[in-house]
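The values are calculated or read from the model by the stated rules, or taken from the named source; none is laboratory data. Being a predicted model, the structure only gives us computed values, none of them experimental. All Cβ positions, glycine included, derive from the backbone under ideal geometry; neighbour counts span all protein chains shown. The accessibility values were calculated without ligands, DNA or RNA, using every heavy atom of the protein model including side chains. Shrake-Rupley method; radii C 1.70, N 1.55, O 1.52, S 1.80 Å.
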Amino acid sequence: MNKLFLLLTLFCLCATSAAADVSSRKSATPDPVIIGDNETIAIPVQEPVKDLPIDVRLTLNINKIYDIRPVDESFNVDAYLGANWLDPRAGELVPEGKDSITLEDGHVDDWHEHVWMPSLEIINVLGVKDVSNKRLVIYKDGRVFYNERFNATLQSSMNFRKFPFDTQQLQIMIEPFSYSASKVRFSEQSRVYPTELSSWPMLEWHATKRACQIGEAEYQYLADSTAEKKFTQFAFTLTVERIPGYFLLQIFLPLTVIMLCAWSIFFVKDGATQLSLISTLMLTVYAFNFFITDSIPKLPYGTFLGKIIIISFISIFLQLIVHLVELRCDREFTAKQNFWIALLFVIGFGFANWLNWQHSSMDAPASAIGPTTLNVESCSHEPTRLEQNR
């Protein structure tokens, strides 16, 4: 009986141990991840990158840039952001008999904790970046391709002091959020598409120059922590110039006519008539200022166009003072005197606006607060049409 009891005890202990081992194995195995319709694969959890910097090659394909706003110095961009890198661990996840795995939209999120990704972010975004579609492709040899289409509002330091003859620089700045420069670096082979400046049609602007740079951004607030403070950075800058045609026709031309009418009043003989006409024109300029209010950016500093309106108003006011003095003296200026006074007003008006332009050109905005970019290098040569069509 004792031997039988001992054998039963050993059997129970072995069965309990086997059940515990099976249970532990099941808990260590992640839930299957869906690849496609009715097809699943169990994959191991991927650890964050531990080796020397992984080279990540970025591709930015800009569909359109629009809605440049002066008040918050922002603009909208609709684009595709792509990234590819080499990770042999990811290639092990591809099932036998397949060369690659393609995941889209929600399936990319399902795999995010199993496949290492560089966690890219646009650092000058305002609000939330809207991602409409995304795709992840993993090849057997370890190549990983990520692509997403996004729409975002971005902030870029702008200067509207020369409005409406201003030139702005629109920047798109991308960094990996979680990984410092010692772990992830952007490749110099990163590209921006399309390559032609005329590829982004804008009603009010036209592109004049573009630049693509790879560098390192240093964040000083990390200096006292154990984390590294340098991160690789990709920066694309598009220089755009305003097309001033609307303002020339709708504002500058009418204002020029008003000022010519004001100066021609000097050749009216009757002093009372001169006073009446110049008073009317003064009210006209005041009303004209209200008419163009919506066309001038509401900024905490003056613009070239806004100062022209002020100079015009002051010029007509001074002319009103001259006519009042003439009427008060109870004698009219001669035709020659009126000519020289009118010429003096024209020269003074032109000189004041010349100073206005010089001041607008020299008065630069305060430097934007942001990371210090180090070790800046230009992206590799711009891609050819053949390369772009691949």
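Note that region 76-89 has calculated 3J(HN,Hα) couplings of 9, 9, 10, 7, 10, 10, x, 8, 9, 8, 10, 9, x, 5 Hz, one per residue in order, obtained from phi through the Karplus relation 6.51 cos²θ - 1.76 cosθ + 1.60 (θ = phi - 60°); glycine and proline are x. With Cβ to Cβ distances under 12 Å as the rule, what net charge do the other residues near residue 150 carry (K, R +1; D, E -1)? Charge balance near residue 150 sits at -1. Applying the Karplus relation 6.51 cos²θ - 1.76 cosθ + 1.60 with θ = phi - 60° to region 97-108 yields 3J(HN,Hα) values of x, 10, 8, 7, 10, 10, 10, 9, 6, x, 5, 5 Hz, where x marks Gly and Pro. Loop-located GluC sites (Glu not before Pro) in region 73-115 (DSSP state not H, G, I, E or B) with no more than 11 neighbouring Cβ atoms inside 10 Å: 96. Amide H to amide H, with H built 1.01 Å from N, residue 166 comes under 5 Å of 242, counting only residues 5 or more places away or on other chains. Across region 264-280, rounded Karplus estimates of 3J(HN,Hα) from the backbone phi angles (6.51 cos²θ - 1.76 cosθ + 1.60, θ = phi - 60°) give 6, 5, 4, 9, 7, 6, 7, x, 5, 5, 4, 5, 5, 5, 5, 5, 5 Hz, Gly and Pro being marked x. Once backbone amide H atoms are built at 1.01 Å from N, residue 191 has 58, 59, 60 as its partners under 5 Å, excluding neighbours fewer than 5 places away on the same chain. Considering only DSSP states other than H, G, I, E and B, which trypsin sites (Lys or Arg not before Pro) in region 64-135 qualify as loop sites with at most 13 other Cβ atoms within 10 Å? Those satisfying the criteria are 98.
Apply 1/(1 + (r/R0)^6) to the Cβ-Cβ distance of residue 362 and residue 332, taking R0 = 45 Å, and write down the FRET efficiency to the nearest 0.05. Given R0 = 45 Å and the Cβ-Cβ separation, E is 0.55.
In the context of the full protein assembly, residue 357 retains an accessible surface of approximately 80 Å², using a probe radius of 1.4 Å and ignoring ligands and nucleic acids. In this structure the amide hydrogen of residue 233, modeled in the peptide plane, comes within under 5 Å of the amide hydrogens of 186, 215, 216, 217, none closer than 5 places in sequence on its chain.
Taking Cβ atoms as reference points and 10 Å as the exclusive limit, the residues near residue 103 contribute a net charge of -2, counting Lys and Arg as +1 and Asp and Glu as -1.
Accessible area per residue for region 266-363 in Å², computed with a 1.4 Å probe and the full protein assembly in place, what is it? Value returned for region 266-363: 61 Å² of accessible area per residue.
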